[in-house]
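Read-outs: derived from the displayed coordinates by stated rules, not from any lab. Only a predicted model underlies this, so the values are computations on that prediction, with no experimental measurement involved. Every residue, glycine among them, receives a Cβ derived from its backbone with ideal geometry; neighbour counts consider all protein chains shown.
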Amino acid sequence: MRSNPPGRVDTAVILAGIRLKNPVMAASGTFGYGTEYRGLSPASAYGAIITKTVTLEPRPGNPPPRLCETPSGMLNSIGLANVGVDRFLREKLPALRNAGTVVIANIAGRTIGEYARLAGIMDRAPGVSALELNVSCPNVAHGGVAFGVNPLTASRLTRAVRRAFRKTLIVKLTPNVADMAPVARAVAAAGADALSLINTLYGMSIDTARRCPSLGNVTGGLSGPAIRPVALYHVYRVSRAVRIPVIGLGGIMTADDAVQFLLAGASAIQVGTANFIDPATPEKIVKGLVAYCRRHGLKSLRELTGWLAG
């Protein structure tokens, strides 16, 4: 390993074969396609950008309202609104290639076949270093149950995508199950190179003045600091259940939050809801991580990962 000058902290991490200049990643759906924050926060501040979910065909998404604030959090019901893979490749990806950071495409489908087809397209797309599978989507071929709630279904999906995609494969797990560990082990055995956890928790809010749901789709996904303790628990548990890297996300707002996830077993972290509050959050977190390491005499952020495991 290359030695660092005295007092210098190496912020780079290696995530399933991909070198990230720092462990802070933009969570899917919170940084658009990488250009929407131009003038507010440089994409290059991140170790990697995970794109808004891409599907085979364009999707209009769920009816508005799609967002509402909750105590220490936010509910969203976007419904995977996106431009579709053709426009993504033609209009969005070219700008991402010059973003100065690693690009990871998040994909979703209604069937295993759709996922595999998308993975094959992304495998040939220049500039895409990895895929992140959104397995929280309903499997329309099997009654609308989410792919990620069942180890067998999640394993079949991962295996099909693995055959179509030769680069780094990340599976983003849903916390809306009794136990995430069996699903994590199943997708790892099926060929996943890394795991992202957690996705949003199911939630709901009611507008009492109008006596109706706050979201147009009635229910949505809860994110933000409200779910951080839950996310931290799952990262701690799952990182001990598998031998592949775990990426932690869920309410990370500060460098101290990020340190907790790294100590619990995460190799990298994702910032999501915080982007809506302060677009400079990733830069602040990286600076805070460096300051933490200096205070504690650490030369590399990699030294923090899994500290609780001893």
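Oblate is the label for region 16-64. Its Cα gyration tensor axes, ordered a ≥ b ≥ c, give a/c of at least 1.5 and b/c at or above a/b. Adding -39500 (n - 2.57) for every DSSP H run of four residues or longer, then dividing by how many residues the chain holds, sets the calculated 222 nm ellipticity at -7500 deg cm²/dmol. Would region 37-79 count as rounded, prolate or oblate if I go by the C-alpha gyration tensor, calling it rounded below 1.5 in a/c and otherwise prolate when a/b exceeds b/c, oblate otherwise? Cα axes put region 37-79 in the oblate bin. Apply the a/c threshold of 1.5 to the C-alpha gyration tensor of region 13-309 and tell me whether it is rounded, prolate or oblate. Rounded.
Antiparallel as a % of all DSSP beta bridges within the chain, to the nearest 5?
On the way: 19 of 47 bridges.
In the chain, approximately 40 percent of DSSP beta bridges are antiparallel ones.
Ordering of 217-223, 77-83 by packing is 217-223, 77-83, highest average first (other Cβ atoms within 10 Å, averaged per residue). For the chain, a crude dipole built from +1 on the beta carbon of Lys and Arg and -1 on the beta carbon of Asp and Glu, taken about the Cα centre, is about 740 debye to the nearest 20. In the chain the longest region clear of trypsin sites (Lys or Arg not before Pro) that are loop-assigned by DSSP and have at most 14 other C-beta atoms within 10 Å covers 244-310. Listed by chain and number, the lysines whose alpha-carbon sits under 24 Å from that of LYS52, ignoring those within fewer than 8 places in the same chain, are LYS21, LYS92, LYS167, LYS172, LYS284. By the beta-carbon count within 10 Å of each Cβ, the least crowded to most crowded order of CYS293, CYS137, CYS212, fewest first, is CYS212, CYS293, CYS137. Cβ-to-Cβ counts within 10 Å put MET204, MET253, MET25 in ascending order as MET204, MET253, MET25, the fewest first.
Taking neighbour Cβ counts within 10 Å as the exposure measure, how do LEU96, LEU131 sort from fewest upward?
On the way: LEU96 21, LEU131 26.
Final ranking by Cβ density, sparse to dense: LEU96, LEU131.
Bridging of LYS299 to aspartates and glutamates at a Cα separation below 17 Å is possible for ASP10, once same-chain residues fewer than 8 apart are set aside.
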